[in-house]
Amino acid sequence: MFPVLISLKWLPRSSLLRWTILGVSSQSNQTTGTVDVLMWSTFFVTVGIAIPTTALGWRYSHHKPGTPKDPDFWFLIQSCSMALLSLLTMALPMWKGEDLPDKTARIGVHLFMTAGAISAFIAPILYLFIPTEWSALLNIFAGAVQAFATLRLALAAEGTTRSHKKKI
């Protein structure tokens, strides 16, 4: 008996997610289903870890603006810089490319990545003027965007590879 895998599939034309149950009957279906499950699991675990740690950080925060002499300010700059570089690394190659075949999905990912980049850019600035937990929240949002964009591009690449194999 073959295992049954539950995965989320992107419907390119309608830009909706749908649940599919894959009864694995061949090696290619098993690989596809496993990749989908692993990718979505990674995304939800990444975001799921952020929620309780953010709540604890918010609880223990001193609720005051920070200063450049705070070590957390420099850790925030480091984290936001890495998020910006990662988002740029993903955004630049797909700016003119056809990595996402559906135009609506491509525009949505670009807008979401732009919002993440803006969040990562302004988080260190806001650290100095508003309570520090708000800048941390923006940094977490940038990280969630990064995880979503990575997932979306990986699923698009998998779909492109699958359609390329069908043509051969």
Consider Pro52 carefully, then state whether it is modelled with pLDDT under 80, part of a helix (DSSP H, G or I) and over 21 Å from Leu126 (Cβ atoms). no
Index of the failed condition, Gly97 passing every other in (1) part of a helix (DSSP H, G or I); (2) at pLDDT below 90: (1)
Among (1) among the hydrophobic types (A, V, I, L, M, F, W, C); (2) over 28 Å from Ala55 (Cβ atoms); (3) at pLDDT 85 or above, the one test that Ile122 misses: (2)
If we keep just the residues of the stretch 75-93 that are surrounded by 16 or more Cβ atoms within 10 Å (Cβ to Cβ) and of a type in the set (Ser, Thr, Tyr), which is nearest to Asn139 (Cα to Cα)? Ser79
Across (1) of a type outside the set (Ser, Thr, Tyr); (2) modelled with pLDDT under 80; (3) not in a strand (DSSP E or B), Leu22 clears everything bar (3)
Determine the pairs where a residue that is assigned to a helix (DSSP H, G or I), located within the stretch 121-144, has a partner that is surrounded by fewer than 20 Cβ atoms within 10 Å (Cβ to Cβ) and of a type in the set (Lys, Arg) with Cβ atoms under 9 Å apart, the partner being 6 or more residues away or on another chain. Thr132/Lys64
Tell me yes or no: at least one residue of the stretch 61-74 is hydrophobic (A, V, I, L, M, F, W, C), surrounded by 15 or more Cβ atoms within 10 Å (Cβ to Cβ), modelled with pLDDT of 90 or more and farther than 19 Å from Phe148 by Cα. yes
Flag if Gly143 is modelled with pLDDT under 90, within 27 Å of His63 (Cβ to Cβ) and surrounded by 13 or more Cβ atoms within 10 Å (Cβ to Cβ): yes
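The values are calculated or read from the model by the stated rules, or taken from the named source; none is laboratory data. Remember, it's a predicted structure, so these values are computed and weren't measured experimentally. Virtual Cβ from ideal backbone geometry, glycine too; neighbours counted across all protein chains shown.
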